[in-house]
1. Among 100, 78, which comes first, then next, by fewest other beta-carbon atoms within 10 Å?
2. For the chain, rounded, prolate or oblate, judged on the Cα gyration tensor with a ≥ b ≥ c (square roots of eigenvalues), a/c < 1.5 rounded, else prolate if a/b > b/c?
3. Could you line up 49, 152, 164 from fewest to most neighbouring Cβ atoms inside 10 Å?
4. Mind giving me the nanometre distance, one decimal, between the label points for residue 43 and residue 166, set 7 Å out from Cα along Cα→Cβ?
5. Based on the alpha-carbon gyration tensor of the range 95-184, what equivalent-ellipsoid semi-axes (square roots of 5 times the eigenvalues) come out, in whole Å, largest first?
6. Can you compute the equivalent ellipsoid semi-axes for the range 1-103, i.e. the square root of 5 times each eigenvalue of the Cα gyration tensor, sorted largest first and rounded to whole Å?
7. Among 114, 154, 179, pick out the residue whose Cα is farthest towards the positive end of the charge dipole of the chain, where Lys and Arg carry +1 and Asp and Glu carry -1 on C-beta, about the Cα centre.
8. Would you order 71, 55 from fewest to most other beta-carbon atoms within 10 Å of each residue's own beta-carbon?
Amino acid sequence: MSLRVFLSDPAPDHEQEFLAAVVRSENLHQPWAFPPKTHEQYDSYLERIRSGRAIGFFVRRSSDEQLAAVINISEPVMGALQSAYLGFYAFAGFERQGYMTEGLALVLDRAFDLLAFHRLEANIQPLNAASSALVSRLGFRKEGFSPRYLQIDGEWRDHNRWAILSDEWPAHRQRLFASWRADG
């Protein structure tokens with residue numbers, strides 16, 4: 001079974017495609033996410049990746065290489081912790097089609113197998129049902145509630161804390177990929 005998406009690395013020559021997708025998706029993203037929408041913000045995003053503060057992935061549709069979503073592993077800490085935070089958003093026209101589920105599964109494979117993370121955490125605003133369903137589908141467990149956890153668009157917002165460990169992922173991966181094979 002082949003997936004309908006693949007991962008690519010964010011790069012300077014993707015800027016126009018990325019910024020156009022962000023503008024097209026503003027109503028989809030807000031109030032949950034505020035991705036870079038200017039040249040300066042995109043350049044700053046790439047600098048975070050170059051400096052090691054983030055690991056960025058573009059999710060592209062295999063059939064036409066269109067940019068469908070972005071997934072970031074942020075603030076990685078290795079050593080005894082081996083942990084990081086996940087952030088993600090789909091682009092308008094690609095939402096609710098399973099592309100993000102497939103893309104995030106590929107990122108989890110890389111994070112646990114190649115990058116040697118032990119734990120990944122996703123902090124999601126309580127009313128963001130789509131993102132909560134996504135991480136639940138992939139095997140994340142809800143660990144708790146963090147009031148005024150993260151500042152988004154100038155406001156401290158509550159978040160639910162979801163996490164998955166490296167030794168938990170293989171069973172969830174097997175179940176997920178088996179269901180995809182059964183679907184065709």
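Please treat every number below as a calculation from the coordinates, not as lab data. Quantities reported herein were computed from a predicted structural model and do not represent experimental measurements. Reconstructed Cβ throughout: ideal geometry from the backbone, glycine too, with neighbour counts over all protein chains shown.
1. Details: 100 26, 78 12.
With the fewest neighbours first, 100, 78 line up as 78, 100.
2. Numbers: a/c = 1.31, a/b = 1.09, b/c = 1.20.
Because its axes are fairly even, with a/c under 1.5, the chain counts as rounded.
3. On the way: 49 18, 152 15, 164 22.
The most exposed by this proxy come first: 152, 49, 164.
4. With each label placed 7 Å out from Cα toward Cβ, I get 3.7 nm.
5. On the way: eigenvalues 125, 51, 24 Å².
Rounded to whole Å, the semi-axes are 25, 16, 11.
6. Numbers: eigenvalues 91, 63, 36 Å².
Rounded to whole Å, the semi-axes are 21, 18, 13.
7. With unit charges placed on the Cβ atoms, the residue in question is 179.
8. 55, 71
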